[in-house]
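Here is the structure we will look at.
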């Protein structure tokens with residue numbers, strides 16, 4: 001699949017009419033499919049409906065968190081969610097700002113709440129050549145097993161700062177020490193709005209980091225989520241994100257951004273360059 | 001004005017209902033305010049109206065170019081355009097692709113046709129400190145006199161490639177030689193959709209270049225459009241784009257992108273970091 005097609009698939013939200021605004025304390029915090037709204041109404045969870053809005057009745061965080069827990073259970077019972085992840089994610093309008101409530105990671109995309117991740121690309125530079133450390137996802141992973149990934153990638157949990165998430169994920173996925181990770185450069189974000197399942201809406205913002213490594217720093221996985229790391233020449237990475245589906249889709253975007261920022265994907269070697277970089 | 005506010009001003013298109021699609025050879029190529037559509041209809045220029053579409057009757061480029069010339073004259077007569085620029089711009093869906101017709105630069109924003117520019121930031125690096133070459137626009141410039149600008153910035157004319165535009169503007173504005181400009185890195189694009197006058201819509205895509213210079217390369221203006229060049233520390237540039245209106249608005253965006261890509265604007269020193277980098 002072409003890089004542009006991957007990008008468009010991650011930005012394929014075109015049926016707003018099927019979604020209700022999720023409102024908490026007079027603020028739009030999410031988007032919920034009408035199928036899920038009807039389940040919530042039928043089961044009399046503490047929400048109000050007004051025009052196209054699904055409004056939390058509760059104001060206090062403790063009670064809101066309970067409503068979220070009950071909403072998660074409802075979707076589990078109705079087999080919309082397969083299982084809880086046990087990871088708590090925050091509902092915020094932007095990272096580090098007011099936290100409205102927390103919810104299980106599995107529920108985030110079914111309430112169309114923005115999810116946050118850290119994505120790090122570790123590379124080795126030799127004159128003008130760049131090689132990138134690419135993990136192969138474990139074959140036992142629930143989501144996209146056996147796909148290629150960014151060197152480090154994971155969600156930002158409730159109560160974590162950006163740097164804490166980077167430290168945690170960097171250690172779990174690649175055994176990088178805090179001292180090494182502090183040299184990583186924060187270089188921007190990538191966001192997309194993705195209708196990936198019948199009733200879900202993934203609104204993701206990925207915080208992107210670049211990390212130049214010396215030749216003798218070899219990433220090593222700690223949590224069993226990666227089966228091995230490979231060192232790919234940047235041309236091989238470009239080829240794979242332009243012509244294959246070997247990379248997990250959102251990771252292809254992160255690598256496209258990395259290669260564009262270095263002039264390694266440009267108007268001469270990518271026919272959809274303009275449209276791709278307009279998205280990123 | 002805050003950086004986020006500048007960014008929002010350049011993305012303030014919220015009255016789509018007032019605009020007709022401009023259609024050429026079955027393709028949407030622009031967006032035209034209904035006031036201008038009514039002038040075109042009244043004066044019987046060769047367009048058709050169907051639903052919310054303003055459709056060129058002509059198919060051949062030569063006849064289309066004549067229609068564009070007549071449309072420009074009509075807007076001049078009606079004092080919507082003050083004067084022609086004499087610069088021909090292309091109408092394309094993306095740079096280097098099929099050219100539908102050419103038109104005077106002054107007309108581009110009144111037909112809501114995408115305009116293209118090259119923006120280059122030349123900098124000097126000394127260990128981790130970065131200084132940026134900043135031109136002060138001449139006090140006699142028609143648009144935004146006396147404002148600060150990117151080192152090199154200009155439109156891409158009809159018939160020009162990206163590199164030809166970079167060579168031309170780089171020489172005119174800063175006396176950079178082709179050999180120097182070939183070292184510039186193409187690092188992405190920035191796009192915005194800006195309602196800046198009652199009947200206009202600026203849909204701009206800027207191709208961004210970074211150029212690291214040695215200490216002894218001093219930019220020197222050739223075309224009288226710059227009154228002087230100053231070398232600013234990156235912190236001073238950051239301060240100015242975050243807190244003042246000293247920079248031309250779209251140039252503040254280009255510099256924000258430059259500083260974000262280097263981690264010099266980050267979540268710790270820009271409170272709207274997430275929203276800003278989501279736009280860029």
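The values are calculated or read from the model by the stated rules, or taken from the named source; none is laboratory data. Note that the coordinates shown come from a computational prediction; the quantities given were computed from them, not determined experimentally. Here Cβ is always computed from backbone atoms with ideal geometry, including for glycine, and neighbour counts include all displayed protein chains.
Structure notes:
- Residue within the stretch B:123-133 that is free of Cβ contacts under 8 Å to residues at least 60 places away in the same chain, within 14 Å of another protein chain (Cβ to nearest Cβ) and more than 27 Å from residue A:267 (Cβ to Cβ) present: yes
- The stretch B:263-272, residues that are under 20 Å from residue A:184 (Cα atoms) and touching a helix residue (DSSP H, G or I) at 6+ places or on another chain (Cβ under 8 Å): B:264, B:265, B:266, B:267, B:269, B:270
- Hey, residue A:66 surrounded by 18 or more Cβ atoms within 10 Å (Cβ to Cβ) and more than 14 Å from chain B (Cβ to nearest Cβ) or not: no
- Yes/no for residue A:136 being surrounded by fewer than 22 Cβ atoms within 10 Å (Cβ to Cβ), outside any loop (DSSP other than H, G, I, E, B) and at pLDDT below 95: yes
- Taking the stretch B:263-280 as the range and being under 18 Å from residue A:210 (Cβ atoms), over 19 Å from the mean Cα position of the chain (by Cα) and in a loop (DSSP other than H, G, I, E, B) as the test, the residues that pass are B:263, B:264, B:265, B:266, B:267, B:268.
- Residue ID - nearest to residue A:109 (Cα to Cα), chosen from residues in the stretch A:19-60 that are in a helix (DSSP H, G or I) and in contact with a strand residue (DSSP E or B) (Cβ under 6 Å, 6 or more places away or on another chain): A:37
- Some residue of the stretch A:85-93 being at pLDDT below 95, over 16 Å from residue A:46 (Cβ atoms), outside the structural domain of residue A:164 (by TED's automatic domain parsing) and in contact with a helix residue (DSSP H, G or I) (Cβ under 6 Å, 6 or more places away or on another chain): yes
- Filtered residue count, the stretch A:263-272, keeping only those that are touching a strand residue (DSSP E or B) at 6+ places or on another chain (Cβ under 8 Å) and facing chain B (nearest Cβ under 9 Å): 3
- All conditions in (1) more than 30 Å from residue A:263 (Cβ to Cβ); (2) free of Cβ contacts under 8 Å to residues at least 40 places away in the same chain; (3) within 14 Å of another protein chain (Cβ to nearest Cβ) hold for residue A:114, with the sole exception of (2).
- The stretch B:263-276, residues that are in contact (Cβ under 8 Å) with a residue 12 or more places away in the chain and farther than 21 Å from residue B:128 by Cβ: B:272, B:275, B:276
- The stretch A:203-219, subset over 26 Å from residue B:128 (Cβ atoms) and touching a helix residue (DSSP H, G or I) at 6+ places or on another chain (Cβ under 8 Å), residue nearest to the other protein chains (Cβ to nearest Cβ): A:205
- Test for residue B:260: is it within 10 Å of chain A (Cβ to nearest Cβ), without any contact (Cβ under 8 Å) to a residue 24 or more places away in the chain and either assigned to a helix (DSSP H, G or I) or over 22 Å from residue A:120 (Cα atoms) (or both): yes
- Close pairs from the stretch A:176-192: first more than 10 Å from chain B (Cβ to nearest Cβ), partner assigned to a helix (DSSP H, G or I) and crowded, with 22+ Cβ neighbours inside 10 Å, Cβ under 6 Å, at least 6 apart: A:176/A:170; A:181/A:166; A:181/A:170
- Qualifying residue in the stretch A:239-249 (condition: buried (at least 22 other Cβ atoms within 10 Å of the Cβ), within 14 Å of chain B (Cβ to nearest Cβ) and under 30 Å from residue B:93 (Cα atoms)): no
- Residue check for residue A:79: within 14 Å of another protein chain (Cβ to nearest Cβ), outside any strand (DSSP E or B) and more than 18 Å from the chain's Cα centre (by Cα): no
- In this entry, residue B:146 is excluded by the filter for residues that are within 30 Å of residue B:16 (Cβ to Cβ) and either modelled with pLDDT under 95 or within 14 Å of chain A (Cβ to nearest Cβ) (or both).
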